[in-house]
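Okay, structure first, notes after.
Just so it is clear, none of the values below were taken in a lab; they were calculated from the coordinates. Predicted model, so just to flag it, every value in this text is computed and none were measured. Counting neighbours? That spans all protein chains shown, and the Cβs are built from the backbone with ideal geometry, glycine included.
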């Protein structure tokens with residue numbers, strides 16, 4: 001018996017529609033589309049309610065954000081603030097039992113560790129199974145608006161790895177049952 005293909009959603013939290021962050025997340029999703037149903041939402045052009053509905057239906061989420069002031073964007077912070085986790089009277093937990101990857105973009109290599117805070121929020125606060133490592137693409141990873149072959153290869157590998165992680169989480173009662181401790 002074969003199981004249904006996992007669903008993977010890219011959430012892009014950039015002020016620029018169709019910019020570098022969307023391109024990088026799209027590269028990861030393109031690789032995953034061989035073995036998963038994929039879609040992409042740019043928070044700048046959709047409502048948080050629409051995005052949360054799509055997250056609830058997905059098996060895996062790719063969180064994409066540019067790095068501003070050594071952290072992920074305010075759009076992504078707002079989205080996560082609006083995301084319930086099924087605790088303290090909340091009626092939904094759309095990230096519960098999901099796999100995720102993080103894709104960040106920035107101007108220089110100096111802000112690579114900006115992903116650590118987002119990883120901590122996703123894994124600790126929401127109990128999401130986050131793929132390692134965080135992908136961080138900066139100025140030397142781009143040429144004429146596209147990822148250079150080395151960076152594109154990294155994104156493609158991460159896309160395939162996220163399909164495998166999503167499949168493992170989806171098929172594991174215990175991984176899906178993990179909840180935030182507080």
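The figures follow:
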item	result
Exposure proxy ranking, count of Cβ atoms within 10 Å, fewest first, for 87, 170	87, 170
Relative contact order of the chain, pairs being alpha-carbon contacts under 8 Å that are 6 or more residues apart, as %	26 percent
Theoretical FRET efficiency, 1/(1+(r/R0)^6), r = Cβ-Cβ of residue 157 and residue 120, R0 25 Å, to 0.05	0.60
Sequence ranges 48-57, 127-136, 141-150, ranked by mean other-Cβ count within 10 angstrom, highest first	127-136, 48-57, 141-150
Alpha-carbon Debye profile of the range 7-172, log10 I(q)/I(0) at 0.17, 0.19 Å⁻¹	-0.96, -1.23
Beta bridges per DSSP with both ends in the chain, % antiparallel, nearest 5	15 percent
Fewest-first ranking of 98, 77, using other Cβ atoms within 10 Å as the exposure measure	77, 98
Footprinting exposure proxy for 88, 68 (fewest neighbouring C-beta atoms within 10 Å first)	88, 68
Nearest-ten-degree value, helix 149-171 long axis tilted from longest Cα axis of the chain	0 degrees
The range 42-110 versus the range 120-165: alpha-carbon centroid distance in Å	15 Å
Cα gyration tensor, the range 38-94 - rounded (a/c under 1.5), prolate or oblate	oblate
0 to 90° range, to nearest 10: angle between helix 48-57 axis and the chain longest Cα axis	70 degrees
